[in-house]
Each structure stands twice: as C-alpha cells, then as structure tokens.
Amino acid sequence: MRRTLLLAITLFLAACGGGKDERAEIYLQRFFGECGAEYGRAVDPAKAEGECGIITATINKFNAQNPDVRVSSNVVAWPGYPQLTAQMAARDPPDLVTMHTGVLSDYAAEGLLEPIEPYLRAAGLDASSLTEASLRAATIGGRLYGLPFDTHGGLFHVNTRLFAQAGLMRNGKPVLPRSPEEFLAQARQFKARTGKPYLIQSLVGDPAYAARNLYTYLLAQDAAFFPDARHIELTTPEAVRILDFFRRISVERLGTLNQDTPAAIASFVSGEGGVYPTGTWMIGSFEKEANMPGRPLHDGYAVFPYPRLWGRDASYVSGHAWAVPKRERTPQQRDAIARFFRHVAEHNGEWARTGHLPAFKAVVDSPAFRALPHRADIGPLASIGRPLPTGVQRQNAIEGIIGEEVAAAFNGQKTSARALADAERRVNEFLANTF
C-alpha cells in the first residue's frame with residue numbers, strides 16, 4: 001500500500017544519507033483536488049485561493065513549522081471512499097483522512113475510526129469551542145468521531161437586481177418569505193414584474209437539491225422522520241405539505257423545469273431567475289460574477305439561509321471533518337495528530353474563505369470572518385444547521401433515493417403521496433439489506 005511504500009522510501013533515503021530520519025511520520029489522505037503546480041511550495045494559506053490551494057498551503061505550513069514531524073499527503077479523487085474502504089480492508093489506512101460528516105457513521109459503526117477526544121485534549125482544544133451545527137454533525141453515540149473544519153449546506157442565492165425590479169427589496173435587503181403563502185405571493189409578483197421565474201431549480205440529475213429541500217423543511221417542523229437509525233417515515237402530513245408546495249411552484253411555472261446543475265448555475269449567473277437554492281460552495285463563484293462590470297449579477301448578489309416557511313428556522317447541513325482511522329501508532333505519531341488538529345483550528349478562518357462556514361465559534365463570531373462578503377448574512381447557519389441523525393448510515397445512498405422520488409413529485413411525474421410512499425419503501429428496503 002501507498003503508506004508502506006512511502007515509509008520504505010523514507011527509510012531507504014535516510015540509510016543512503018548515512019543517518020536515520022527521526023521525524024514522526026503521519027500519512028494524510030484528502031480530497032479537494034490536486035494543485036501542486038501552483039501551491040506545492042506555498043506555506044501561507046492566507047495567500048492561497050480555493051479549497052485545494054488553502055488546504056495544500058495549510059498542510060505545507062504545518063510541515064514547515066514542525067520540523068520533527070513529516071506529514072505525507074495523498075490526494076484522492078472525490079470523494080475517495082472506495083479507496084479508503086480498500087485501504088481499511090487491507091489494514092493499511094491513513095493516519096488522517098478528510099471525510100464528510102454524513103459518512104462518519106458508516107465507518108464508526110464498524111469500529112474503524114478512533115474517537116478523537118484524546119487528541120483534542122492533547123491539542124488543548126475543547127469540543128465546546130465547536131459550533132452547534134459542526135458538533136452535532138460529528139457526534140455519534142455521544143462520542144466525537146472527527147474534527148469538523150466546516151459546515152456546508154443549502155442557501156438562498158438571490159439576484160437583487162431582479163428583486164428590485166419585482167419590488168421585493170427593503171432597506172437594501174431582499175424581502176424573503178416567512179410562510180408558504182408569502183412565498184407564493186412573492187413568486188407570483190416576481191414573475192409578473194420581471195417575466196422570469198422566481199426559483200431556479202436543478203431537478204435533473206441532482207437528487208441533492210430535492211432531498212435538501214425536503215430535509216430542511218422536515219427539520220424545521222421537528223419531524224422525526226428517522227424514528228430509529230434503520231427506518232424512515234415519510235408518509236406524513238409534514239412531508240406531504242412540503243412536496244405539495246414545491247409541486248405548486250412547478251404547476252404555476254414559478255420555478256425552472258428540466259434543468260441540471262450546470263444549466264441552473266448558468267441561468268442564475270445569466271440573470272434568468274430570482275433565487276437559486278444551492279450550497280455554500282457557490283458563494284465564491286457568484287461573488288466573482290457580482291464583481292465583474294457588465295455581468296448580469298454585477299452589484300446584484302446576496303445570499304441567506306433558507307427562509308422559515310414552517311415551524312422554526314432550520315437548515316439541513318453536513319460538513320467536512322478530519323477522521324482518524326484505527327491502526328497502530330507510536331506516541332510520537334499521536335502527538336503529531338494532536339498538533340495537526342491544533343494547526344487546523346488555528347487556520348479555520350482561512351478555510352472559511354472557501355464559502356463553507358467555520359467549525360469554531362470564535363471564528364464565526366470574529367470581525368475578520370464577518371468582514372468577508374455575505375458571511376454576516378449566512379452566519380446563522382452555524383446555529384440553525386441540523387444534520388440527519390448521526391447514527392443513520394449510508395446517507396449518500398439514501399439521499400439519492402429520496403432525491404429521485406421527491407424530484408418526480410416536484411416535476412409532476414408523481415403525486416406527493418405516491419412519491420413519498422415509494423421513497424419510504426425503497427429506503428427501508430435498502431436499510432434492511434444493509435445491516
């Protein structure tokens with residue numbers, strides 16, 4: 001395996017040099033792309049851009065500041081889990097690995113991850129310093145199975161130029177609905193005054209869009225749609241009202257239809273609709289468009305958490321975390337992991353420039369973070385964000401099933417009741433065959 005090969009090469013080179021490399025070696029595996037040509041020697045994350053650049057410079061800086069430790073990095077194609085699973089099966093996993101918080105339970109349930117509280121204590125970090133959203137997402141059965149370094153989820157990306165044309169701006173801010181009735185009234189007004197759809201939707205080949213809308217508004221209604229980790233209940237009044245609402249948007253042509261994600265993005269940046277509900281990761285791209293004179297979004301972009309339509313303010317979120325696979329390690333390697341955790345925490349503000357929300361309260365509350373474009377507006381996501389119950393395994397596969405069925409209802413291909421019954425049956429059959 002790669003780790004074994006790296007260690008063999010390290011020992012061989014040390015022998016050839018007539019001395020032994022005494023550094024503690026830890027093997028880190030991550031996604032977020034490869035950008036060695038541009039950032040391979042960068043050691044200042046403040047000067048890096050994008051997910052790949054910032055994470056690469058952060059790791060490089062750790063190596064530069066810790067000469068007694070060597071972090072060897074391996075970049076895997078997104079999302080990297082097939083390779084990680086194979087490494088674990090061969091009993092040769094990395095020491096640190098990037099993982100989506102929704103996937104932690106898949107590995108923790110099999111006893112393949114270490115709880116990280118001992119590393120936090122050694123790093124001088126306390127779990128209470130994490131935001132509510134990030135702490136919830138990485139806690140399984142009362143134990144923390146990864147160090148969160150962000151929260152990401154859906155947001156309402158808004159074209160304020162079109163909102164002004166529609167008469168939906170007040171004191172320089174978009175007027176967002178606070179009930180389903182307000183939503184429909186504002187969407188009708190928007191279409192009547194602009195001739196364009198209020199909502200841009202990626203309903204083709206993007207199950208995450210439909211699932212995210214359903215999850216968000218079920219969580220807002222405090223619906224316990226996972227009564228336990230192995231069953232889902234979707235044939236409920238709370239779920240029906242959500243699907244009926246989005247079906248109404250399609251029936252009245254208040255939202256786009258038949259668009260995949262690239263088409264929906266193109267529609268939004270071209271000024272072809274008012275709101276595009278998509279993730280935190282799009283803030284940088286849309287802000288860049290807003291800063292380009294002559295572009296449809298120029299000086300006309302804002303972004304906020306999903307508006308409250310039912311119940312309370314809530315948003316479905318996930319996040320990224322550093323997980324520690326179980327394997328034999330020396331005390332020096334454990335110390336190196338703890339120091340790396342401390343380093344990640346110290347640079348969480350730099351990572352926040354990607355568009356994702358910081359995992360640490362102090363960073364969310366800091367003037368530097370709030371001074372970044374739109375961050376003061378999306379900051380509440382750190383407290384209102386809710387993951388799925390963290391004991392639920394195979395969340396990615398479940399999202400695919402639910403998103404497919406819910407999108408069929410949004411598009412009018414199935415009734416709400418039929419789509420929800422089909423989604424419930426398929427998920428429960430899948431979970432029954434998983435365990």
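Screening ARG329, ARG342 for residues that are basic (Lys, Arg) and in a helix (DSSP H, G or I) leaves exactly one candidate, ARG342. Across segment 130-151, which residue is farthest from TYR306 (Cα to Cα) among those that are outside any strand (DSSP E or B) and without any contact (Cβ under 8 Å) to a residue 40 or more places away in the chain? Per the stated criteria, the residue is GLY142.
As for segment 60-73, it holds at least one residue that is open to solvent by 20 Å² or more (accessible area, probe 1.4 Å) and within 13 Å of GLU350 (Cα to Cα).
Let's see how each residue does on (1) open to solvent by 10 Å² or more (accessible area, probe 1.4 Å); (2) assigned to a helix (DSSP H, G or I):
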residue: TRP78; (1), (2): yes, no
residue: THR85; (1), (2): yes, yes
residue: PRO93; (1), (2): no, no
residue: PRO118; (1), (2): yes, yes
residue: ALA122; (1), (2): yes, yes
residue: SER128; (1), (2): yes, yes
residue: GLY153; (1), (2): no, no
residue: PHE156; (1), (2): no, no
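The condition of being buried (at least 21 other Cβ atoms within 10 Å of the Cβ) and small (Gly, Ala, Ser) holds for only one of ALA382, ALA417, ALA421, that being ALA382. Being open to solvent by less than 10 Å² (accessible area, probe 1.4 Å), among the hydroxyl-bearing types (Ser, Thr, Tyr), touching a Phe, Trp or Tyr at 6+ places or on another chain (Cβ under 9 Å) and touching a residue at least 24 places away in the same chain (Cβ under 8 Å) is the requirement here; does THR160 meet it? For THR160, the condition - open to solvent by less than 10 Å² (accessible area, probe 1.4 Å), among the hydroxyl-bearing types (Ser, Thr, Tyr), touching a Phe, Trp or Tyr at 6+ places or on another chain (Cβ under 9 Å) and touching a residue at least 24 places away in the same chain (Cβ under 8 Å) - is not met.
If you go through segment 95-116, how many residues are part of a helix (DSSP H, G or I) and of a type in the set (D, E, K, R)? Qualifying residue count for the region: 1. Before we move on, is ALA239 surrounded by fewer than 20 Cβ atoms within 10 Å (Cβ to Cβ), of a type in the set (Gly, Ala, Ser) and within 24 Å of the chain's Cα centre (by Cα)? No. Of all residues in segment 384-400, none satisfies being among the small types (Gly, Ala, Ser), closer than 29 Å to MET282 by Cβ and in a loop (DSSP other than H, G, I, E, B). For ALA408, state whether it is over 25 Å from the mean Cα position of the chain (by Cα), closer than 13 Å to LEU243 by Cβ and either polar (S, T, N, Q) or assigned to a helix (DSSP H, G or I) (or both). Spelling it out, it is not the case that ALA408 is over 25 Å from the mean Cα position of the chain (by Cα), closer than 13 Å to LEU243 by Cβ and either polar (S, T, N, Q) or assigned to a helix (DSSP H, G or I) (or both). For segment 304-322, the set of residues classified as crowded, with 24+ Cβ neighbours inside 10 Å and hydrophobic (A, V, I, L, M, F, W, C) consists of VAL317, ALA321, listed by residue number. Looking only at residues in segment 359-368 that are surrounded by fewer than 20 Cβ atoms within 10 Å (Cβ to Cβ) and of a type outside the set (D, E, K, R), which one is nearest to SER318 (Cα to Cα)? The residue in question is ALA362. Those residues that are charged (D, E, K, R) and crowded, with 16+ Cβ neighbours inside 10 Å, I need them from segment 130-145; list them, please. The answer is ARG136, and nothing else.
The values are calculated or read from the model by the stated rules, or taken from the named source; none is laboratory data. Since the structure is predicted, the reported quantities are computational estimates derived from the model, not experimental observations. Virtual Cβ from ideal backbone geometry, glycine too; neighbours counted across all protein chains shown. Side chains included, ligands, DNA and RNA excluded: accessible areas come from the protein's heavy atoms. Shrake-Rupley method; radii C 1.70, N 1.55, O 1.52, S 1.80 Å.
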